[in-house]
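Take a look at the structure set out below.
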Amino acid sequence: MTRKASIRRDTKETKIGLQLDLDGNGKSQIQTGVGFLDHMLTLLSKHSLIDLDVEAQGDIHVDAHHTVEDVGICLGQALSQALGNKEGIARYGAATVPMDETLVTTAVDLSGRPFIAWKVDLPQHVLLGTFPAELAEEFWRAVSTNGAFNLHVVCFYGSNTHHQIEAIFKAAARALRQAVEIDPRVVGVPSTKGVL
Ligand SMILES: [Mn+2]
């Protein structure tokens, strides 16, 4: 069974091609036109062990908003597609990741239900290259909504915005890695309902 997905999404705002392999080893090729997003997606792949290729051409002459949100939509759709009927998966994942002065926990339930809880104090109007800090929440909302999973993100403390967002992506990567993992002891779908 291969757990791969390929998404093509073209709108008047963005044109995106995204491929992933849940059973990869963290190889990626990322080109979104938004440098900080490339940095985040590269480490998301590395720490989730999900192979990820993303090529996006967005209206970055406007700003990074559409590109970041739409890559999130495609990533969510791809996760959902690659997971299929979710037989044999661990389903839950959680990780706490430090990055210097910052500490972040994320928890994931691949439940089929979109939900995001975002307990993160990020400063408004801070730019990381061309990436406004507040887009981190938009990105993960798009991923969890389109991937139909619960995602809780808590940043306990941190003063460097780059570190805060990077720790969020790394913690989410580690949590996703656990949740998508095939557990050989799981028979069928890990739900008493029988469906996820
Ligand atoms: Mn960094």
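The values are calculated or read from the model by the stated rules, or taken from the named source; none is laboratory data. Values in this document were obtained by computation on a predicted structure and should not be read as measured data. Here Cβ is always computed from backbone atoms with ideal geometry, including for glycine, and neighbour counts include all displayed protein chains.
Among residues of the range 125-134 being surrounded by fewer than 23 Cβ atoms within 10 Å (Cβ to Cβ) and modelled with pLDDT of 95 or more, the one that is farthest from Ala78 (Cα to Cα) is Val126. Go through the range 16-39 and give me each residue that's under 29 Å from Thr161 (Cβ atoms) and touching a Lys or Arg at 6+ places or on another chain (Cβ under 9 Å). Those that are under 29 Å from Thr161 (Cβ atoms) and touching a Lys or Arg at 6+ places or on another chain (Cβ under 9 Å): Ile16, Leu18, Leu20, Gly26, Lys27, Ser28. Of the residues Ser191, Ser159, Ser144, Ser111, which is within 26 Å of Val34 (Cα to Cα) and assigned to a loop (DSSP other than H, G, I, E, B)? Exactly one of Ser191, Ser159, Ser144, Ser111 is within 26 Å of Val34 (Cα to Cα) and assigned to a loop (DSSP other than H, G, I, E, B), namely Ser159. Once the range 137-157 is narrowed to residues that are free of Cβ contacts under 8 Å to residues at least 60 places away in the same chain and buried (at least 21 other Cβ atoms within 10 Å of the Cβ), the residue that is nearest to Gly76 (Cα to Cα) is Leu151. When each of Leu37, Leu43 is tested for being within 16 Å of the ligand (Cβ to nearest atom) and either surrounded by 24 or more Cβ atoms within 10 Å (Cβ to Cβ) or free of Cβ contacts under 8 Å to residues at least 12 places away in the same chain (or both), the lone residue that passes is Leu37. If you go through the range 173-188 and keep only what is buried (at least 16 other Cβ atoms within 10 Å of the Cβ) and either modelled with pLDDT under 95 or within 15 Å of the ligand (Cβ to nearest atom) (or both), you end up with just Ala173.
Looking across Glu87, Glu101, one residue alone is more than 27 Å from Asn25 (Cα to Cα) and surrounded by fewer than 20 Cβ atoms within 10 Å (Cβ to Cβ). It is Glu101.
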